[in-house]
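Input: a single structure, listed below in structure tokens.
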Amino acid sequence: MGEKTILQRVGLIVLVTALIVVSPLGGAVRGADVGLTGEERAWLSDNQDKLVLWYDRTFPPIEYASERGEFRGMAAEVMALIASRLGISFQVVPATSWPRLLEVLESGEAAVAPVIANTPERERFALFSEPYINIPVVVITTKNRTRARTLEDFKGLRVAAVQGYVTETFLRENYADILEIVPVENSRAGLRDVAFGLVDAMIENMAVGVYYIEEQKLPNLRVAGPTDMIYHLSFGVSREYPLLYSAMNKAMQTVSDEEIRAVEKRWIALDGPGGLNREQIQRIKVAGVFLGSLIICLGLITIFMRRKLRASEERYRAIFNNAPVGIFRTTIPGKPVEVNPAMARMFGYADRDEFMEQVRDLATDIYPAPGDRRKLLDALEASPDGVSMEIDFKRKDGTSFQTIINASLEKDVRGNPRFIDGTIKDISVRKRAEASLRASEEKFSRLFQLSPDAIIVVHLHTEVIRDANEAFFRLCGYTREECLGRMTTELQFYPIPEDREVIYQRLRAGEPLINFELKARRKDGEIIHCSIASLVLPIDGEPHILAVIRDITEAKKMQEMMIQSEKMVSVGGIAAGIAHEINNPLGIVLQAAQNLETRTRTDFWKNVEAAEAVGLDLGLLEAYMQRRKLDVFIADIQSAALRAASIVRHMLDFTRRSESVLTVCDLGVIIQRALTLAQSDYDLKKKYDFKRIDVRLEIDPSLPRVGCTETEIEQVLLNLLRNAAQAMNEVQPPLENPWITVRAATETDAVRIVVEDNGPGIPGDVLPRIFEPFFTTKAPGQGTGLGLSVSYFIITKNHGGRMRVESTPGTGTRFIIDLPLATTPKEAS
């Protein structure tokens, strides 16, 4: 607190008697006649419970709540004048915030707001009196901004205003393009933010600003200058109560200008913090009789101030000597005047005395190069009130170190620079840490972007994508702009929502994920298999998920193929044993059926001799057998035995690797031959009308030769053509344009054959079992269930290739065969 303020306050204490003698504000007679209509009087009498007044508890000296919770301020006195004239009492409620006050005034919960500025928005729900207080709105900033006068002087800086007040609206409508507008909760908070440098300035009406500067002990603030805005303060009444509004307006008209000025004098200071208002000045004149007492008080204050000064000097010296940063004063030419111990140690000297003794010329003794000090002098010349900049210094041993220096010019009475005052902080350790951190971040960034696996960073709580690498964008099919700032749920990344729940539940519980498998959806709707590893780590003080995602779709397919191959091997061993066991009794059944057919023929001479020997008429026997259909039964036995023999033969083919030698083959010729066989197949012609099917060949003329066994590849292709034709024949209603396309083209390391049709497709529950031995969806007697399993065995085991199927029900089926390339017959074999 300044000496002027202390003198003023003691003077006021001495003059307290005089202040009591001075005539106070005279109130009007309670219930004075203000010209109310009968309807207005009746409303006031019948609605005492609705006379609710809400006020802003943090807007002194206009209106505020005292330490005892009482309604105080200029508005409180004006409302008391109105209540006295109307003969009523208001129920007074302090508002928790200004927006809350506007809310209850609009709803009618509050009938009266004692101080409110009229705006078009507020006229929707409130009726306003004529302004009874007019206070200029000023710019308040710190004292070190000596050149700032208007809002234009704060271009590009942070200027505060109370949220919801008309001052905020004023800034946004007139200065939004040049200022960074910062809403604050109330005037007290805003002024403290200015004092502590969180914002650069605040606009507030003069009365409130001056009051809080004094009340909050903020001596480094000053009123920079006026704005174009004046607070025209009225009282407002909710539009729910028009009769109350008219009655209060009539009462207000009876309040004289002298009464309003008396209220202003009691609450508004004229000279800023620590100043005296007009009424105090007038009262001091009346209290001249107490001048002697004032002189005595001044003597006491002088003694008190000397003691305070000595204590202040001691505190300053303790701070100066014990501060962890270097503090200095130097002359303009470059000679040290004073330094603290921390600065001496920072430069490698034992103490302050050694520094002062050995450092004679700052430019040569503590700067790496003599011209370096010129940078500081130029900066101070441009900003004499203070600069903050990074500068390199050198220690006593000649090593350099990095610092931040804060310096300002101390001027003499004529305004000429006299000293440079400031502080120095060694930031070498911080700079090394920053450099190490930057290098680490650059290394991480390169690894992040160059990783072949997809990497994504997601905020743990908001689930918003903060960053991702290019591999992730390729994986999901979205661009960077489409991903960043959005949630994975917005991208529909999880086709199975339960997977997402498990991931976030485990991560929020602090459990990292390792090789967690899930399905993901690309932008084009394709479902892919992924493996994810993730953990939670802090970024900018917030928890984030770092997830590494690997596409394992092809690996899953290979895994399924390997499982299928293992099934084939295991089933093959069983099938071999069964085939050998069945062959013997099957041969007996087939031989017996053939013997029965032969020994009942009427044209075989041995049968004739045997029949005559026993007196049997072969003609009658033949008629009997035909009548009882014994000949048909024998034929059925033969047919079934032949079918069983065929199955056994396929089983044996399935169980043993072909003995055929791989030769270099022309796949184009093999495909043509397989198609010719299919078109001449009796069953296909008779039952499935193969000629109705449009067969399309798309064979690359530059197709390389591959190592294969021609008959086995023909068998595989014929099998696939048969299955396609049979499947399309069973579609109801029949397909209008059935087609089969056979493609052959070169891939990176293989020749790919694709057999595709537009048939009914394969159901999803059947697809995983399509290559299993003995699995068939055909009617009994129409398939063995070995065709595709044998084909799979031929491609994967005999030829070292790959075979897979893709199918969409209702659209068609595509079988894909990859045969490895062979450059020479030797390699093929």
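Worth a mention:
- Under 13 Å from the Cα of Lys250 - aspartates and glutamates, other chains or at least 8 residues apart: Asp33, Glu40, Glu130
- Only aspartates and glutamates eight or more places from Lys425 in sequence, or on another chain, were considered; those with a Cα closer than 13 Å are Glu390, Asp392.
- For the range 447-550, the equivalent ellipsoid built from the Cα gyration tensor has semi-axes of 19, 16, 13 Å, listed from largest to smallest.
- Gain on full stretching of the segment that runs from Glu498 to Glu554 - 0.36 nm per residue minus C-alpha separation: 17.8 nm
- Carbon and sulfur %, accessible surface of the range 38-267 computed with the full protein complex present, 1.4 Å: 47 percent
- With DNA, RNA and ligands ignored, accessible area of Val208 (1.4 Å probe; Å², nearest 10): 0 Å²
- Among Tyr245, Tyr349, the order of accessible area from largest down is Tyr245, Tyr349, computed with a 1.4 Å probe on protein heavy atoms.
- Here's the picture: a label point sits 7 Å out from the Cα of Val93 along the beta-carbon direction, and within the range 39-53 the residues with their amide nitrogen under 11 Å of it are 50-53.
- Hydrodynamic estimate: the Kirkwood radius of the range 317-432 over Cα pairs, inserted into Stokes-Einstein at 20 °C and 1.002 mPa s, corresponds to D of 149 µm²/s.
- Note on surface exposure: Asp351, Asp257, Asp193 rank Asp257, Asp351, Asp193 by accessible area, highest first, 1.4 Å probe.
- Extension reserve of the Arg466-Arg239 stretch, reckoned as 0.36 nm per residue once the Cα distance is removed: 76.8 nm
- In this structure Val34 has an accessible area near 20 Å², from a 1.4 Å probe over the protein heavy atoms.
- Among the GluC sites (Glu not before Pro) found in the range 51-126, those both in a DSSP coil and sparsely packed, with 16 or fewer other Cβ atoms within 10 Å of their Cβ, are Glu67, Glu70, Glu109, Glu121.
- Ordered by solvent-accessible area of protein heavy atoms (1.4 Å probe), largest first, the residues Arg438, Arg814 come out as Arg438, Arg814.
- Accessible area (Å², 1.4 Å probe, nearest 10) - Asp749: 90 Å²
- In nm, spacing of pseudo-spin labels at Val536 and Glu215 (7 Å Cα→C-beta vector): 4.3 nm
The values are calculated or read from the model by the stated rules, or taken from the named source; none is laboratory data. These numbers come from a predicted model, not from an experiment. For neighbour counting, all protein chains shown are included, and Cβ atoms are generated from backbone atoms with ideal geometry for every residue, glycine included. Surface accessibility is based on the protein's heavy atoms, side chains included, excluding ligands, DNA and RNA. Shrake-Rupley method; radii C 1.70, N 1.55, O 1.52, S 1.80 Å.
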